[in-house]
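The values are calculated or read from the model by the stated rules, or taken from the named source; none is laboratory data. Keep in mind that what you see is a predicted model, and the values were worked out from it rather than measured. Neighbour counts are summed over all protein chains in view; Cβ atoms, including those assigned to glycine, are modelled from backbone coordinates with ideal geometry.
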Amino acid sequence: MKIALEEIHDGNGVVKKLPKDVVNNITLKLPVKSLLRFKCVSQFWYAYIQSWAFIILQRNCASSVNDEIILFKRSFKEEHDHFKSIMSFLSSGHDDSDDFHHVSPDLEVPYLTNTTSCTFHRFIGPCHGLIVLTDKVTTVLFNPATRNYRLLKPSPFGSPLGFHRSINGIAFGFDSIANEYKIVRLAEIRGEPPFYCYTVREWRVEVYELSIDSWREVENVDRQLPYVHWYPCAELFYKGTSHWFGNTNTVVILGFDMSTETFRNIKMPNTCHFKDRKCYGLVVLNESLTLICYPYPGCEIDPAIDFMEIWIMKEYGVNDSWSKKYTIVPLAIESPLAIWKNHLLLLQSITGHLISYNLNSDEIKEFNLHGWPKSLRVKIYKESLTLIPKESEFNTAQ
């Protein structure tokens with residue numbers, strides 16, 4: 001006789017059911033791998049773990065940095081102009097060690113370009129346990145915890161004859177009002193020769209909605225949007241808004257609200273501008289929007305002036321609330337990648353190695369983790385059971 005896991009014996013052969021809140025409290029403390037195994041135990045557990053109610057409970061349950069892992073994506077050259085991209089799952093355990101170990105086997109990243117353009121792969125998220133991998137043409141939606149993924153249909157939008165459409169910014173996030181996951185592409189349309197003209201430029205915003213598996217264009221887009229610059233550590237979704245770096249007369253953070261589908265500019269600290277040979281990154285540190293300013297890769301570093309700076313926005317959206325948190329000695333890096341456990345700044349070196357800078361002790365460490373130069377990406381990730389609908393389910397998804 002099969003006995004469901006929500007049932008127990010009292011020692012006298014009498015079967016009693018556990019209260020629902022007890023079942024929830026027990027299961028919410030289990031790792032995703034264990035929960036996925038439970039799906040094979042009975043129909044009850046399969047339905048229970050697949051239910052949106054439980055998935056939302058699991059996603060929103062309190063957690064600590066010890067529950068997070070590092071998603072480390074990089075590319076390797078296999079032969080002439082042919083590259084393979086892989087994703088590693090890393091952790092430093094529950095102690096204070098800053099050494100990394102693999103917690104799951106590596107995965108090969110499918111579908112994306114396998115040429116030197118792998119250095120421009122976008123690795124966006126996570127949002128509720130989902131991430132997006134894209135090369136601006138192909139888009140893969142992926143849940144690293146369940147290993148489920150979908151290759152999304154390409155954007156159908158092109159450009160008129162004599163014009164060129166380029167994708168400058170990409171975002172992935174959640175519309176909490178419509179209860180909808182969205183992928184956003186910020187496209188610039190300019191004339192090609194002989195019609196090319198810098199003063200003639202239009203912005204188009206393409207939005208993909210997961211529930212209907214469909215792309216659309218946003219109407220009435222402001223033509224005066226700043227020119228978007230891409231950096232390996234950018235395109236951050238935070239507080240319902242996706243962020244890029246843009247250039248008007250000065251450098252700004254361009255925000256796109258996923259619910260209202262409107263733009264806003266966030267000013268950066270007065271010391272930040274493109275003319276000072278600086279590049280920028282966005283991360284979350286101590287739950288606050290955080291800006292990283294670092295020397296432009298490849299430039300000769302002047303140790304007297306080329307410091308790396310970390311600024312925290314104490315009150316989101318309030319320009320005057322920027323506060324400089326750290327000033328770091330000049331480092332010859334390609335870019336920052338993430339901040340792990342609120343104190344370990346992860347970076348990629350010019351040579352393609354993963355290195356760290358401890359914000360508490362100033363210790364610098366290089367790991368035996370590397371890839372093709374400029375191809376490294378890192379995301380701090382909490383496992384989730386969030387479902388990705390199959391193609392046949394889109395017509396009925398709500």
Enumerated strands (runs of 3 or more DSSP E) restricted to segment 46-151, each holding at least 1 residues that are farther than 25 Å from Thr351 by Cβ:
68-79, 101-108, 122-127, 130-134, 139-143, 148-151
Name the residue, out of Tyr294, Tyr326, Tyr231, that is closer than 26 Å to Leu346 by Cα, surrounded by 13 or more Cβ atoms within 10 Å (Cβ to Cβ) and modelled with pLDDT of 95 or more.
Tyr326
Among the candidates Gly173, Gly162, residue that is within 23 Å of Ala53 (Cβ to Cβ) and among the small types (Gly, Ala, Ser):
Gly173
Tell me the residue from Leu331, Leu282, Leu337, Leu289 that is within 27 Å of Leu90 (Cα to Cα), hydrophobic (A, V, I, L, M, F, W, C) and either more than 19 Å from the chain's Cα centre (by Cα) or not assigned by TED's automatic domain parsing to the domain that holds Leu71 (or both), please.
Leu331
Look at Pro269 and say whether it is over 28 Å from Ala178 (Cα atoms), touching a residue at least 60 places away in the same chain (Cβ under 8 Å) and in contact with a Leu (Cβ under 9 Å, 6 or more places away or on another chain).
no
Qualifying positions in segment 329-367 - surrounded by 16 or more Cβ atoms within 10 Å (Cβ to Cβ), touching a residue at least 40 places away in the same chain (Cβ under 8 Å) and among the aromatic types (Phe, Trp, Tyr):
Trp340
Within segment 377-387, can one find any residue that is exposed (fewer than 12 other Cβ atoms within 10 Å of the Cβ) and either among the β-branched types (Val, Ile, Thr) or assigned to a loop (DSSP other than H, G, I, E, B) (or both)?
no
Name the residues in segment 324-337 that are outside any strand (DSSP E or B) and of a type in the set (A, V, I, L, M), would you?
Val329, Leu331, Ala332
Segment 155-184, residues that are free of Cβ contacts under 8 Å to residues at least 60 places away in the same chain and either crowded, with 19+ Cβ neighbours inside 10 Å or under 20 Å from the mean Cα position of the chain (by Cα) (or both)
Ile167, Asn179, Glu180, Tyr181, Ile183
Examine segment 313-323 for a residue that is assigned by TED's automatic domain parsing to the domain that holds Glu366, of a type in the set (Ser, Thr, Tyr), in a strand (DSSP E or B) and free of Cβ contacts under 8 Å to residues at least 24 places away in the same chain, and state whether such a residue exists.
yes
I need a count of the residues in segment 298-323 that are modelled with pLDDT of 90 or more and charged (D, E, K, R).
4
